[in-house]
Amino acid sequence: MSLRATGSAGPARAVATGIGPRRTPAVVTVALALGVGVLAGCSGGGSPAGGSGGGPTRQGSPAAATTGTPGTGGPVPDPSSTSPGAATGQSSVAVTTLPPVSVGRTATVTSGVTVSVSGLSTLTVTAAAPGDTSGPAVSFVVEVDNHTAKAVDLDGVAITVSYGNGIPAAPSSAAPNAPFGGSLAPGKSAQGTYVFRVPPSGAGSVQIQVASNFAAGIAVFRR
């Protein structure tokens, strides 16, 4: 801003020149605009992008939360849907090893189903498939009798052999090996022949175990 004197006779008067006074309204206008902008930014910061202008949006509502297992984020399982054997679709049973019986005797593995072992003999076999070995072995016949009103799953029968101080014997596919399989109808019986590699020194202490998926009892036969 500059000052200049007017007139020569009277006292000097300061007259404002330049554009200073005319800037005042513009400065005030800018300041008001900035203030309004700051207020608008403060009031609108909590609204999510794309939200409606009708009011604040509530987030984290309990109704929208998903109940989960702590630490996993997955849904909590319904206790009524979990039970023993649910993963396989079969009920759980307690497996019991039955008292040993002599070869040639019969063992009842479950109500109405009996198992017997006969024809235990020694022989020498020749490897017939990958994994087989040639040499001394034993063979025997397992018979299953079904006296129930339901079919029995012979594919679920498992035969194991040990000798001496519990030494496991290796199964062989060499002749006369002919295991049974399939379904055994009510009132029927089935026989299967099995071969296991056993040295001559262990032939007198052979122990045969017959387990299945249809009976809780494991039959044990000794020579």
For the stretch 207-222, Karplus couplings with θ = phi - 60° (6.51, -1.76, 1.60), whole Hz, Gly/Pro x: 10, 10, 10, 10, 10, 7, 8, 10, 9, 7, x, 9, 7, 10, 10, 10
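Between beta-carbons, use under 13 Å as the cut-off and find the net charge around residue 213, counting Lys and Arg +1, Asp and Glu -1.
Working: positive: none; negative: 153, 155.
So the surrounding residues net to -2.
So for 197, 105, fewest C-beta neighbours within 10 Å to most, what's the order? Don't skip to the end; give the middle numbers.
Details: 197 20, 105 13.
Taking fewest neighbouring Cβ atoms as first place, the list is 105, 197.
Taken together, the values in this text are just the output of simple stated rules run on the coordinates, not laboratory data. Since we're looking at a predicted model, the values are computed, not measured. Here the Cβ is made from the backbone with ideal geometry for all residues, glycine too, and neighbour counts use every protein chain on show.
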